[in-house]
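In what follows, a structure is listed as C-alpha cells, so that the remarks can point back to it.
The values are calculated or read from the model by the stated rules, or taken from the named source; none is laboratory data. Small disclaimer: the values here were computed from a predicted structure and weren't measured. Positions of Cβ are generated from backbone atoms using ideal geometry, with glycine treated the same way; all protein chains shown enter the neighbour counts. With ligands, DNA and RNA removed, areas are computed over all heavy atoms of the protein, side chains included. Shrake-Rupley method; radii C 1.70, N 1.55, O 1.52, S 1.80 Å.
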Amino acid sequence: MRLIIVSNRVAVPDEGKRAAPGGLAVAVKAALKNRAGVWFGWSGDIADAPTVEPRFIERNRLTYAVVDLSRADFEEYYEGLANRVLWPILHYRVDLQEYSRADQSGYMRVNRRFADSLDLFIEDDDVIWVHDYHLMPLARELRARGRLNPIGFFLHIPCAPPDILQTLPHHEDILGSLVYYDLVGFQTENDRDNFAHYLTSRGAKAGRGSSYWIDGRQTRLGAFPVGIETAAYARLARNAARSPFVRQIAESLAGRRLVLGVDRLDYSKGILHRINAFDRFLELYPEWRSRVTFLQITPKSRAEIKEYAAIENEVTTLVGKINGRYGEASWTPIRYVNRSYSRTALAGIYRTADVALVTPLRDGMNLVAKEYIAAQDSDRPGVLVLSQFAGAAAELGGALVVNPHETEAVAAALNRALEMPLAERRERHAPMFEHLLAYDVEHWAESFLSSLRDARQKPGLVEGLRSMFGVSAA
Ligand code: F6P
C-alpha cells in the first residue's frame, strides 16, 4: 500500500526553480517522510502542450511525479478559478471574486487531466490524499474512471459559511463534488461546521460519526488542525540562531528589540492592517521609537493577479511613508524585504525575534505562528501576537489574540508584548510548545489517515443508500 499525495504544486527539491511556498508543502513533505508514497502534481513548468504521463523523480528517498501545465491551464485553472475565485471566496472576500466560464472549464479540464495521469500509475490498494482547493472535483473524476481507492481531501485554507459559498457560480459542481471523497478534512471545527451547514442546506442528511449523505453518496467530515515538525524545528532554530547569517541580523539591530512578520504577499494576510497598527504603535507609545525594528519578510506571490500587484504597491508606499515620518539617520522603523529565506534562516530569525505579529484577516491555520513558538528559547521566549481569524488561534491560547481590524488593539498588544515580564512570557510559551509537541505534523497525518481508513465506503453501500433515499445515480 502506498500513500499517493496529490496537490497542485509539488515541492521537488534542488531543481533550481522556485520552491513551493506555504504551509501545504511543509506539511505534506513531513507527512510523506515516514510513509512509502508518491507526491503527484504540477511541476511548476508551463509547456506548449500539457503532459499527461508523469515524470517520476527520486530525491532524498521521496518519489515525485510531475506533469506540466499549458499556458491556458495556468491562466484558467490556477490563476483563474483557483486563485481569482475560490481563494477569495473561501477567505470570505466575495467582493474580490472574478468568475468566468472559461476559467471554470479550465479548472475542470485540469482536474480531468490530473485524474488521467493518476489513472496511469495508481494501484488498487493505494490510499489517495488530495490537498487543497485547486483539486476539489478530482475524486469525482477518479470515481468516473472506476477507481474505488480510499480517497481523502484536506482543505488547507478556511471554509466560509454557506451564504458565502453559495455566491460561487455552479458551486454544486465544484464544492458539491467534495462528497465524492470518503473523508473531507478541515483545519478547524468552525471550517468543518461551515461545510456541514453548506451540505445540509443542499439537502444532505447527517449520519453517524460526522458523516453526511447526499446524492446517494456518503462522505465524512472532520477537523484536523495541521501541525509542524515541532521537535525537529526547535532543534533547527537552536542551531540556526548561532549561524553567522542570524548573528549578523542580531548585530544589525544594535540592541533594538525585533518585531517580526513573515507572510506571502497576499491580501488575506493583513499586511497593510499590520503596518498601520505599527504606525499607530509608534504614535501612541513614542517611548519605543528608535528602540524597536519591525522586520516584515514578504516573498512575492501570484504576482500576475491584479489584487496581488495592487497590494504590493500599497505596502511599499505605506512602508515608505512610515519610515519617512519616524525614521532617523541611524534608525529605520520598518525593514521590508520582498524575498524568501531558507527554512533554516527563517528558524534562526524566529528565535531572534522578541515578538511575532501574525495577524491575517483570515487564514486556514498559519504555520508561521506555530513555527515561531517552536523556535523560541524556552528560557527567554518571545511573544506571539495572533489574529483571532487564523486557524492557529483555536490552539494557541497563550498568544495575545487580537482582531487585526482593530488598529489600536493591535498597537496595544504589541506594546504589551514588548513590556511583558519574563515569567509571564514563559507561562504563556510552555503550554503552547507542549501542545505543538503532542499535536505535531505526524499526529495530523496519522489522525487524518486513520479516519480515512474508518470512513472508507464499502462498495455496494452507495447503491443501498440510493434506493433508501430514492435518489438517482449521480
Ligand atoms: O496554503 C494555501 C496555498 O495555496 C497552498 O496550496 C500553496 O502551497 C501555497 O498557498 C502557496 O500558493 P501558490 O502555490 O499559489 O504560490
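Annotations for the structure displayed:
- For Leu265, the shell of other residues with beta-carbons less than 12 Å away shows a net charge of 0, using +1 for Lys and Arg and -1 for Asp and Glu.
- Count Lys and Arg as plus one, Asp and Glu as minus one, and take only other residues whose Cβ is under 12 Å from that of Ala399; the net charge is then +3.
- Calculated from the alpha-carbon coordinates, segment 312-463 shows an Rg and a Dmax of 19.5, 75 Å respectively.
- Loop-located GluC sites (Glu not before Pro) across segment 91-159 with a Cβ neighbour count of 10 or fewer within 10 Å are Glu123, with loop assigned by DSSP.
- Two-site FRET efficiency, Asp125 against Asn403, from Cβ-Cβ distance with R₀ of 60 Å, rounded to 0.05: 0.80
- Taking 0.692 mPa s as the viscosity and 37 °C as the temperature, the Stokes-Einstein diffusion coefficient of segment 1-106 based on its alpha-carbon Kirkwood radius rounds to 219 µm²/s.
- Extension gain for Thr51 to Val94 (0.36 nm times residue separation, less C-alpha to C-alpha distance): 12.2 nm.
- Shape category assigned to segment 164-226 from the gyration tensor of Cα positions, a/c cut at 1.5: oblate
- Cβ-placed point charges (K, R +1; D, E -1), dipole of segment 121-212 about Cα centre in debye, nearest 20: 320
- The residue list Leu135, Ile334, Pro360 was ranked by how far each Cα lies along the charge dipole of the chain toward its positive end, using unit charges on Cβ atoms, and Ile334 comes out on top.
- Paramagnetic label zone (point 7 Å from Cα along Cα-to-C-beta, Thr63; backbone N under 20 Å) in segment 111-138: 114-131
- Count Lys and Arg as plus one, Asp and Glu as minus one, and take only other residues whose Cβ is under 15 Å from that of Asp125; the net charge is then +1.
- Cα-based equivalent ellipsoid of segment 98-216: semi-axis lengths in Å, sorted from largest, via gyration tensor: 23, 19, 13
- The modelled label-to-label distance for the pair Leu284/Gln248, using points 7 Å beyond Cα in the direction of Cβ, is 3.7 nm.
- Taking 0.890 mPa s as the viscosity and 25 °C as the temperature, the Stokes-Einstein diffusion coefficient of the chain based on its alpha-carbon Kirkwood radius rounds to 105 µm²/s.
- Semi-axes of the equivalent ellipsoid for segment 209-299, Cα gyration tensor, largest first, Å: 40, 22, 11
- Hydrodynamic radius (Kirkwood) for segment 237-363, which is based on Cα pairs only, to one decimal in Å: 15.2
- Sulfur and carbon atoms: percent of accessible area, segment 239-365 [1.4 Å]: 48
- FRET efficiency, Arg453 to Arg291 (Cβ-Cβ, R0 51 Å, nearest 0.05): 0.40
- Extension reserve of the Asp379-His171 stretch, reckoned as 0.36 nm per residue once the Cα distance is removed: 69.9 nm
- Segments 360-368, 249-257, 272-280 sorted - mean Cβ within 10 Å per residue, highest first: 360-368, 272-280, 249-257
- Helix-derived mean residue ellipticity, 222 nm - over the chain, DSSP H n ≥ 4, -39500 (n - 2.57), to 500: -12500 deg cm²/dmol
- Our summary of shape: the Cα atoms of segment 119-188 have principal axis extents of 39, 25, 16 Å, ordered from largest down, in whole angstrom.
- Surface analysis of segment 182-224 yields an accessible area of 38 Å² per residue, using protein heavy atoms and a 1.4 Å probe.
- Here segment 300-355 is described by how far its Cα atoms reach on the three principal axes: 35, 33, 17 Å, from widest to narrowest.
- The chain - charge dipole about Cα centre, Lys and Arg +1 at Cβ, Asp and Glu -1, debye rounded to 20: 700
- Entries in Lys33/Lys306; Lys205/Lys370; Lys306/Lys370; Lys29/Lys269; Lys33/Lys205; Lys269/Lys321 that, when Cα-Cα distance is taken, lie over 32 Å: Lys33/Lys306; Lys205/Lys370; Lys33/Lys205
- Extending 7 Å from the Cα toward the beta-carbon at both Thr316 and Thr344 defines two label points whose distance is 3.2 nm.
- Projecting label points 7 angstrom from Cα along Cα→Cβ for Leu437 and Ala231 puts them 0.9 nm apart.
- Rg/Rh (Cα only; Kirkwood hydrodynamic radius) as it applies to segment 70-148: 1.04
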